[in-house]
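One structure below.
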Amino acid sequence: MKAHVRATCWIVCFALLHAFAPASKSAPSDAGSHKPAVFTDPDRSEKVKSTAAAVAGIFKQFMESRHLPGLVYGVVLDGELVYSGSFGYANLEQKTPAHAQSLFRIASMSKSVTALAILQLRDAGKLHLDEPASKYIPEMKKLRYLTKDAPEITIRDLMTHGAGFPEDNP
């Protein structure tokens, strides 16, 4: 398990490091068929802002129906926070109200965030999903596979939890 956690940490570090690095013109890309959405409505921002009350109602109802102690949300458009809101408590025992800067444990959500960062690197042409993960996580070069003809674990394998690690021991 520790080896898997270590590998995941390396991927997160790699993704964050490369997400802010300048793109290389010779970087590989398998994003050829991926075209980002293009929005042309000049009133999009105002239209999104006009949904604030309805969105707040949806989140409040969600929180209450799930008996959550607190919730914070934000709506982002074109990389800018359009509006945010909060309900309930960030700390129920201390009755600390939730607010936009409240910190919450997100548990397995980090897997989705990591996958998103990796896909952004793919879209920027900085990596291929089918490259060996050992290219970016040197520790994986030491991994012993169960058979000599086993394929190397790829970034895609890690993202889809299909790596089939041969063992889970540290």
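Each value in this text was obtained by applying a stated rule to the coordinates, not by laboratory testing. Since the structure is predicted, the reported quantities are computational estimates derived from the model, not experimental observations. All Cβ positions, even for glycine, are placed from backbone atoms using ideal geometry, and neighbour counts span all protein chains on display.
Across the stretch 60-170, Cα pairs under 8 Å and at least six residues apart give a relative contact order of 14 percent. Summary of packing: across the peptides 123-129, 157-163, 109-115, 52-58, the per-residue average of other C-beta atoms within 10 Å ranks them, highest first, as 123-129, 157-163, 109-115, 52-58. Taking amide H positions as modeled 1.01 Å from N, with prolines and chain starts lacking one, the residues under 5 Å from Thr154 and 5 or more places away or on another chain are Ala133. This ranking places Lys95, Lys60 by how few other beta-carbon atoms lie within 10 Å of each, fewest first, which gives Lys95, Lys60. Each listed q (0.28 Å⁻¹) maps to a log10 I(q)/I(0) for the stretch 57-114 from the Debye sum over equal C-alpha point scatterers, namely -1.18.
Computed from Cα atoms alone, the Kirkwood hydrodynamic radius reported for the stretch 90-138 is 13.8 Å. 3J(HN,Hα) along the stretch 128-137, derived from phi through the Karplus expression 6.51 cos²θ - 1.76 cosθ + 1.60 where θ = phi - 60°, amounts to 10, 5, 9, 6, x, 4, 5, 4, 10, 10 Hz, with x in place of Gly and Pro.
Of the GluC sites (Glu not before Pro) found in the stretch 100-170, those in coil by DSSP whose Cβ has at most 13 other Cβ atoms within 10 Å are Glu167.
Which value in Å is the Kirkwood Rh of the stretch 43-170 over different Cα pairs? Computed over the stretch 43-170, the radius equals 18.5 Å. A full extension of the chain between Lys135 and Ala100 corresponds to an added length of 8.8 nm, given 0.36 nm per residue minus the alpha carbon distance.
In a reduced charge model with +1 at each Lys and Arg Cβ and -1 at each Asp and Glu Cβ, the stretch 38-170 shows a dipole moment near 240 debye about its Cα centre. Sequentially through the stretch 143-157, phi angles give Karplus couplings (6.51, -1.76, 1.60; θ = phi - 60°) of 5, 9, 7, 5, 10, 5, 9, 5, x, 5, 6, 9, 4, 4, 4 Hz, Gly and Pro residues having no value and appearing as x.
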